[in-house]
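Below: one structure, written as structure tokens.
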Amino acid sequence: MTGTGLTGVVLAGGGSRRMGQNKALLAVGNEKVIGTIIGAMTEAGLEVIIAANDQTADDYRDLGRGIVYDRFPGQGPLSGIHAALHAAKTPWIIVAACDMPFVSSALFRYLVKSVKEAEAERADGDSYQAIIPVEEGRVQPLLAAYHASGLGALEDALGGGRLRMMDWLERLRVRYIPEDVLVQETGFEAGQVFFNMNHPEDYRAALAKKREEEAGD
């Protein structure tokens, strides 16, 4: 697919303390999770960078992608989004957490489409600053799109130690995408594409899901 003029960001700066090892480098099927995410973003036409920290960056150098570093170390995913918005050469970024082994290029393509719609509206005045899926009533801010105009509010949140995603999002103009729209537009199983791995049992569940997929092919 040709380039979209948007930046894809893999948020890979976490400590993986609950997993006990770097979640991004775990293999589900024949590929590491971070490789699956990069592949899906690339298929959707995104230019991919990795948001990391001093402890994790060396793990990703052989992937051949630009690496950006947290400016607020140890402050969670908000710091990764902040670093990516600063570094990206495009006003919009589309982010994905590094522990989501079933991400879909179809979802990224739909987010790209939604961003372009928002940009068309921007010509007529203020438009959205974030586009975020909702699955089973749960907001999914770590698989979403963000505009650089939200940086001021983000820096205020980080500087004040307000690290909850919703504290930041409450200050933005957000388009929330309902699950039924996502399923209609992309055809994926929402519960699977947003699956993430925090604990070893989550990794075992991901491996089991992958085996089921492969057995059904």
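The values are calculated or read from the model by the stated rules, or taken from the named source; none is laboratory data. Just so it is clear, the model here is predicted, and its values are computed rather than measured. Glycine gets a Cβ as well: all are built from the backbone with ideal geometry, and neighbour counts include every protein chain shown. Please note that ligands, DNA and RNA were not included when accessible areas were found on the heavy atoms of the full protein model with its side chains. Shrake-Rupley method; radii C 1.70, N 1.55, O 1.52, S 1.80 Å.
Counting only protein heavy atoms, what percent of the accessible surface of region 1-53 is carbon or sulfur at a 1.4 Å probe?
Heavy-atom surface of region 1-53 belonging to carbon and sulfur, 1.4 Å probe: 45 percent.
Taking the Cα centre of the chain as origin, sum charge times position over the Cβ atoms of Lys and Arg (+1) and Asp and Glu (-1), and report the length of that vector in debye to the nearest 20.
I would put it at about 440 debye.
Using DSSP, restrict attention to beta bridges with both residues in the chain and report what percent are antiparallel, rounded to the nearest 5.
Antiparallel bridges: around 40 percent, rounded to the nearest 5.
Name the residue farthest towards the positive end of the dipole of the chain from the options Pro101, Ala57, Gly187, assuming +1 on Cβ of Lys and Arg, -1 on Cβ of Asp and Glu, about the Cα centre.
Going by the Cα projections, it comes out as Ala57.
Kindly rank 134-147, 56-69, 93-106 from highest to lowest mean number of other beta carbons found within 10 Å of each residue.
93-106, 134-147, 56-69
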